[in-house]
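The values are calculated or read from the model by the stated rules, or taken from the named source; none is laboratory data. Being a predicted model, the structure only gives us computed values, none of them experimental. With ideal geometry, Cβ positions are generated from the backbone for all residues, glycine too; neighbour counts draw on all protein chains shown. Ligands, DNA and RNA are stripped out before the accessible areas are found, and what is left, the full protein with its side chains, is counted by its heavy atoms. Shrake-Rupley method; radii C 1.70, N 1.55, O 1.52, S 1.80 Å.
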Amino acid sequence: YTQAVVDGTDLIQAFLDRCRMRGQAPFISIRMNDAHHKENVDKKKGEKGVGSVSMSINKFYYDHPQYRLVPGSLSGKDLVLNWAEPEVRAQKFALLQELCENYDIAGLELDFLRTYSFFRVEETAHEQRCGIMTAFVKDVRSLLDRTPREGRRRWLCVRVPCYLEAHDILGIDLPAMATAVVDMVNAVP
């Protein structure tokens with residue numbers, strides 16, 4: 001995949017073309033927080049693991065260590081971004097906006113499950129966490145509604161833990177998200 005990107009292949013468009021060729025509705029699933037290779041971001045050239053950084057860590061992440069949940073930690077769950085920071089949400093929204101404006105997708109899946117950390121729980125109340133996540137989902141719904149091609153409705157799915165007790169720390173309020181016009185919930189163990 002890395003070589004295809006280096007060669008100029010638009011992997012998203014290739015995926016969309018293949019889905020349409022097979023009569024499938026192309027959905028893009030985006031991890032809302034991802035811990036992959038974050039433990040390597042601060043390593044110096046030549047250190048073990050530094051090669052995995054280039055394709056898995058974007059410039060925003062690298063330039064803003066203050067937005068990490070626990071700066072300096074080597075644990076992936078601590079090195080993801082703190083969603084209480086408006087800049088973190090804006091950066092993720094900009095990625096989604098680019099996808100929606102440039103590609104004819106059928107829908108988005110917002111993956112809140114992949115990494116179970118979004119907030120410094122000791123600094124954010126339940127209501128604040130849920131308010132942040134629900135507002136983000138509403139903004140994505142509005143984005144999908146204003147960017148479809150040929151008037152087609154675009155679908156919105158959220159991927160969340162199937163265990164309700166896990167929702168609190170993530171800021172997941174499914175009834176509020178359903179009101180925000182989430183079309184599907186992918187509840188995964």
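Relative to the Cα centre, the charge distribution of segment 91-189, modelled as +1 at Lys and Arg Cβ and -1 at Asp and Glu Cβ, gives a dipole magnitude of about 280 debye.
Computed on protein heavy atoms with a 1.4 Å probe, the accessible areas place 30, 12 in the order 12, 30, largest first.
In a reduced charge model with +1 at each Lys and Arg Cβ and -1 at each Asp and Glu Cβ, segment 19-155 shows a dipole moment near 440 debye about its Cα centre. Considering only 29, 100, 6, the residue lying farthest towards the positive end of the dipole of the chain is 6, judged by Cα position with unit charges set on Cβ. What the Cβ-Cβ distance of residue 45 and residue 90 gives, at R0 = 35 Å and to the nearest 0.05, is a FRET efficiency of 0.70.
Of the listed values (i) 35, 17, 16; (ii) 27, 24, 14; (iii) 25, 21, 17, identify the label whose number matches semi-axes √(5λ) of the Cα gyration tensor in Å calculated from this model. Answer by label: (ii).
Relative contact order, whole percent, for the chain stands at 21, derived from Cα pairs under 8 Å and 6 or more residues apart.
Treating r as the C-beta distance of residue 24 and residue 135 and R0 as 41 Å, the FRET efficiency rounds to 0.85. Placing +1 on the Cβ of every Lys and Arg and -1 on the Cβ of every Asp and Glu, with nothing else charged, gives segment 128-172 a dipole about its Cα centre of roughly 320 debye. Close amide-amide hydrogen proximity is noted between residue 155 and 107, 108, each under 5 Å apart and 5 or more residues distant or on a separate chain (H modeled in the peptide plane; Pro and chain starts excluded).
Take the Cα of residue 188, step 7 Å toward its Cβ, do the same at residue 149, and the gap between the two points is 2.6 nm. Residues considered: 128, 24, 91. Largest GNM mean-square fluctuation over the chain, using C-alpha springs under 10 Å, is found at 24.
For residue 29, the residues whose modelled amide H falls within less than 5 Å of its own, excluding neighbours fewer than 5 places apart on the same chain, are 109.
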